[in-house]
There are 2 protein chains.
Amino acid sequence: MRRDHVSTTVFVLAMLALTWGSASAADQALLTQAQALFKPLPKVMESPENPVTPEKVALGRLLFFETRVSLDGTVGCVRCHQPFLSATDALPKAIGALGRLNPRNAPTVMNAALQFVAHWRGDRKNVEDQAMQALVGPPSFGNPDYASAMAKLKAIPGYPELFAKAFPNEKEPVTQENWAKAIGAYERTLVTPSPLDAYLAGNATALSPAQEAGLREFVQTGCTTCHNGVGIGGGMYQKFGLVEEYWKATGSPEPDKGRFDVTKNPADMYVFKVPSLRNVAMTPPYFHDGSVATLPEAVRVMARVQLGRMVTDEQVNRIVTFLDSLTGKLPASFTEVPELPAAAFRPPAGK
Amino acid sequence: MRRDHVSTTVFVLAMLALTWGSASAADQALLTQAQALFKPLPKVMESPENPVTPEKVALGRLLFFETRVSLDGTVGCVRCHQPFLSATDALPKAIGALGRLNPRNAPTVMNAALQFVAHWRGDRKNVEDQAMQALVGPPSFGNPDYASAMAKLKAIPGYPELFAKAFPNEKEPVTQENWAKAIGAYERTLVTPSPLDAYLAGNATALSPAQEAGLREFVQTGCTTCHNGVGIGGGMYQKFGLVEEYWKATGSPEPDKGRFDVTKNPADMYVFKVPSLRNVAMTPPYFHDGSVATLPEAVRVMARVQLGRMVTDEQVNRIVTFLDSLTGKLPASFTEVPELPAAAFRPPAGK
């Protein structure tokens, strides 16, 4: 009896050790898998075409919050990328100058420079291109042309000097290209490191056990087919509705043909940029048209129309719990808003 | 010769001492006069009807930045009171939900609770009343009624709990009255102590000699007839255009009858609240209709239409230099914007 008891104890301990060992091995395998699928955030999202300098960043930060440059004086980058709403406007579709409705949802600018192109349909090359074209987009800043936008900037005491500092040796530094470079440089500093980044750096306990389970579910469900890389998305185009027409699941009022309207290539029908999932828990509503209000519903829609899977509530909850690990702290240079140059006000053009 | 020389030296020194003494006496007299005319800012602008509690202030700070409660989702208090523009929108007249134009200019909310009434025509009792009525003002938040505004707040996870904390022992704390009290409590903490406050506290060197000269000019010109007290204005009504019709000087496109339209009393024709001059250098454009773009021009207009004086450029410059001493640092609770509760987004009513 006593020997039996001892051998039973030894057996149980051995089993526990094996289980523990295998759990550790499984955890390590998950981390290794995650490191192969994703990448941690850089400190700055560099661009060879627009080197990030302190002077450009300082100017770009002011310009990001500058509303006086818009047609009606109410729109700046900040209009759709509000510091208090995780750099979104929480609207299905953004509203610009003169109350004009944008065709699509405004995503967060946090980590946006990671993406391989800008805008849902990829019709902006990068954050700089986006910032420049927004100046004259009718439902955006709404200016009739670049010249009138630049005239407004030049009229605000302080800006010409700041442009000259950020772009030395240029005769006329207040240009739409430099506006774009300054804002782009600022946006390239807007990174939000999250628990997943600590995890990818090798800290296996940076994710909670529930988040690890969610990560497993995320991988097994197939989400990483598209949502991978440093942005957990933002690295490719994909057809929205691979398995079934997306608007049947999202309840979108009307189908958006996506990239087809840009390229006229039939292969681009319903094709959109795969969005980055960083901070996704903080940035409802979801999809290019903001048609889905909550993250669990967005996960359900994606599993159904992209992967042909009807996921259970439990699976959805696990994935949502993992997605929480993509939420990072907003940088102080964004939530501590700068004071803009006081202006001798000139009524904006067009009013 | 030598005695003459000595006595000359003594005479010159005596004269210098007298001048110095009289300068000091004049400076002291100016400080005493200023202390009789103005008052330094309190730490908090208390209200017996709405005691300022940390819980109300914390909630009110979130609500101040909350845009999801408006008709089109773009308007919060912050729309017209932007942290990066000294709590103004830098527009002649504010633009609200659906791009609707307000009838008058939006003043800064810094130190606004000091004023004896709110709004240019005094048709809002205080900052709380202003915050409440803005919810349903068509060119403001634009909600059709209070109930729909409150329904949107209740639908954002986090707010019901915060209201319950700020207004304990209330069965239904999410009400427009409590919205107003919370925002009011927050606004009652938004004070911007300036060099003039340090001066009034007895620090005679807090104003530069040029600012002291400007203060003398400000008093001698007669500005303190109306711009006095803790707000350097904000304490009384006054007819705009005492000496001459104001719109001839401001170039206003059309006369605004001011308080007459509120009371229908002929004595109130062209009567407006005297605005506070705190932070006036940072808050162009000027007057109830934002018709004047620069501070020097605003000073010139006031001297002419209120006091019948054609002031010189030198006098204007002196007064403007004094007005600079009314600029104070914006509080961190305003420039460090809070992160709002993440919401399961519900499309706003009316869309």
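The values are calculated or read from the model by the stated rules, or taken from the named source; none is laboratory data. As the structure is a computational prediction, the values presented were derived from the model and not from experiment. No Cβ is skipped: glycine too gets one built from the backbone with ideal geometry, and neighbour counts run over all protein chains shown. Ligands, DNA and RNA are excluded from the accessible area calculation, which covers all protein heavy atoms including side chains. Shrake-Rupley method; radii C 1.70, N 1.55, O 1.52, S 1.80 Å.
How much net charge surrounds B:MET310 when only other residues with a Cβ under 13 Å from its Cβ are counted (Lys, Arg +1; Asp, Glu -1)? Its environment carries a net charge of 0. With contributions of -39500 (n - 2.57) from each DSSP H run of at least four residues, the per-residue ellipticity at 222 nm computed over the protein assembly as shown stands at -12000 deg cm²/dmol.
Between B and A, buried accessible area summed over both sides at probe 1.4 Å, in Å² to the nearest 100?
When B and A are taken together, about 3000 Å² of accessible area is lost.
Sites listed here are GluC sites (Glu not before Pro) in the range B:135-212 whose DSSP assignment is loop and whose Cβ has at most 14 other Cβ atoms within 10 Å: B:GLU170. Under 28 Å of direct C-alpha separation, and excluding same-chain neighbours fewer than eight residues apart, A:LYS329 reaches these lysines: A:LYS39, A:LYS43, A:LYS56, A:LYS93, A:LYS125, A:LYS181, A:LYS273, B:LYS56, B:LYS152, B:LYS154, B:LYS165, B:LYS329.
With its label point put 7 Å out from Cα toward Cβ, B:VAL44 sits 4.3 nm from the same residue's point in the other copies, in order from shortest. Placing a label point 7 Å from Cα along the Cα-to-Cβ direction at B:GLU339 gives distances to the equivalent points in the other copies of 2.7 nm, listed shortest first.
Using the 1.4 Å probe convention, the accessible area of the range A:39-148 works out to 34 Å² per residue with neighbouring protein chains retained. For the rotational copy pair B/A, the chain B residue whose Cβ lies nearest the symmetry axis, together with its distance in Å, is B:GLY99, 1. Apolar share of the accessible surface for the range A:133-261: 56 percent from carbon plus sulfur atoms, 1.4 Å probe. Counting only heavy atoms of the protein chains and using a 1.4 Å probe, A:MET132 has close to 40 Å² of accessible surface.
What separates the B:LEU101 label point from its copies, with the point 7 Å along Cα to Cβ, is 2.4 nm, written shortest first. Using the 1.4 Å probe convention, the accessible area of the range B:226-347 works out to 42 Å² per residue with neighbouring protein chains retained. Each Lys or Arg adds one and each Asp or Glu takes one away; over the other residues whose Cβ falls under 15 Å from the Cβ of A:ASP268, this sums to +3. Here the peptides A:238-246, B:281-289, A:84-92, B:44-52 are ranked by packing, the mean other Cβ count within 10 Å, and the order with the highest first is A:84-92, B:281-289, A:238-246, B:44-52. To the nearest 0.05, what FRET efficiency results for A:MET310 and B:THR32 with a Förster distance of 60 Å applied to their C-beta separation? E between A:MET310 and B:THR32, to the nearest 0.05, is 0.15. Check each residue of the range B:88-106 and keep those whose accessible area, probe 1.4 Å, is at least 40 Å² smaller with all protein chains in place than in the chain alone; give them in order of residue number. Relative to the lone chain, where solvent access is computed with a 1.4 Å probe, the range B:88-106 loses at least 40 Å² at B:ALA90, B:LEU91, B:ILE95.
Peptide B:69-82 shows a mean partner chain C-beta count of 3 within 10 Å per residue C-beta. Under 12 Å from the Cα of A:LYS257, which aspartates and glutamates turn up, not counting those fewer than eight places away in the same chain? Cross-link targets: A:GLU245, A:ASP268, A:ASP289.
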